[in-house]
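The next block holds one structure in the form of structure tokens; read it before the comments.
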Amino acid sequence: MKNLTIPRASWLFLLVILAIGCDDAFTPRPWGYSRIDLPEKTYRTFESDCPFSFEYPEYSVVVEHRSPTSMPCWYNLEFPEFQGRLYLTYHAILKQGEINENKAPVEKYQEDARKFAMGHSVKASAIDEELIANKEESIYGIVYHIKGMNTASSLQFYLTDSTDHFFRGALYFDTAPQNDSLAPVIDFITEDVFRFIETFKWETSVPEA
């Protein structure tokens, strides 16, 4: 039986073809994330016996915050589609000369809000503060933009009239923090939080502490 021989030129041709064909197999491809369909932005007004009102999106739900430490007018603004939650807490401010163990001076609430936000500085790449001042509605406060890929909370804020009311919000997600993949959702809900703040108003009723 005769040995088959392949000319050297044919070997070179085959090697070139193999090199070209295998080129794409070793090209690293970036990780992708599933497409997120975001709903249309429509809003409704939240009104209750509590001393505040605000607008919130139709695709979210306001539920009472229930825990052993809950107080009147504490709520969660749930975003079921995105597994997100905006925790909302309210406090009446302790007036000078008043004695009430369920109240505190406004400076105490402001410092607590700052500590809660800055508590994320371990994993945050930056925490930016944005001042809120609505003189017409007597609403003043700070929005904390918490930046970083693995921060548990990306946005927190507080609102106060400095004399009677103090209100705080904190945005969290139930999923493991990966803010690069959550970025579209965070940006989407951040718009809703600012709509919330822009439409926020104090009402005359004050809950009993």
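The values are calculated or read from the model by the stated rules, or taken from the named source; none is laboratory data. Here the structure is a predicted model, which means the values were calculated and not measured. We place every Cβ from the backbone using ideal geometry, glycine too, and count neighbours over all the protein chains shown. Calculation scope for accessible area: heavy atoms of the full protein, side chains included, ligands and nucleic acids excluded. Shrake-Rupley method; radii C 1.70, N 1.55, O 1.52, S 1.80 Å.
Take region 91-113 and flag every residue that is farther than 18 Å from residue 172 by Cβ and assigned to a helix (DSSP H, G or I).
Selection gives 106, 107, 108, 109, 110, 111.
Return the residue satisfying two criteria in turn: it lies in region 43-60 and is of a type in the set (Ser, Thr, Tyr) and in a strand (DSSP E or B), and of such residues it is nearest to residue 139 (Cα to Cα).
For region 43-60, the residue satisfying everything is 53.
Among all residue pairs at least 6 apart or on different chains, which show Cβ distances below 9 Å where the first residue, located in region 104-130, is among the β-branched types (Val, Ile, Thr) and the second is open to solvent by 60 Å² or more (accessible area, probe 1.4 Å) and not in a loop (DSSP other than H, G, I, E, B)?
From region 104-130, the pairs are 127/147.
Name the residue, out of 131, 88, that is assigned to a strand (DSSP E or B), aliphatic (A, V, I, L, M) and open to solvent by less than 40 Å² (accessible area, probe 1.4 Å).
88
For every residue, the table says whether it meets (1) of a type in the set (Phe, Trp, Tyr); (2) surrounded by 20 or more Cβ atoms within 10 Å (Cβ to Cβ); (3) at pLDDT 95 or above; (4) assigned to a loop (DSSP other than H, G, I, E, B).
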site	(1), (2), (3), (4)
145	no, no, yes, no
157	yes, yes, yes, no
169	no, yes, yes, no
176	no, no, no, yes
183	no, no, no, no
191	no, no, yes, no
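Would you mind telling me which numbered condition in (1) open to solvent by less than 60 Å² (accessible area, probe 1.4 Å); (2) hydroxyl-bearing (Ser, Thr, Tyr); (3) part of a strand (DSSP E or B) residue 67 fails?
(3)
Conditions first: (1) farther than 23 Å from residue 95 by Cβ; (2) in a strand (DSSP E or B); (3) more than 12 Å from the chain's Cα centre (by Cα). Residue 136 passes all but one, so which condition is the exception?
(2) is the only condition that residue 136 fails.
Listed residues 63, 122, 106; which is under 29 Å from residue 185 (Cα atoms) and at pLDDT 95 or above?
After ruling out the rest, the residue left standing is 63.
Can you tell me which of (1) basic (Lys, Arg); (2) touching a Gly at 6+ places or on another chain (Cβ under 6 Å); (3) crowded, with 21+ Cβ neighbours inside 10 Å is the one residue 123 doesn't meet?
Unmet condition: (3).
Can you tell me which residue among 13, 52 is open to solvent by 100 Å² or more (accessible area, probe 1.4 Å) and either modelled with pLDDT of 90 or more or out of contact with any His (no Cβ under 6 Å at 6 or more places or on another chain) (or both)?
13
Scan 203, 101, 111 and give me the residue that is open to solvent by 60 Å² or more (accessible area, probe 1.4 Å) and in contact with a Pro (Cβ under 9 Å, 6 or more places away or on another chain).
Residue meeting the stated conditions: 203.
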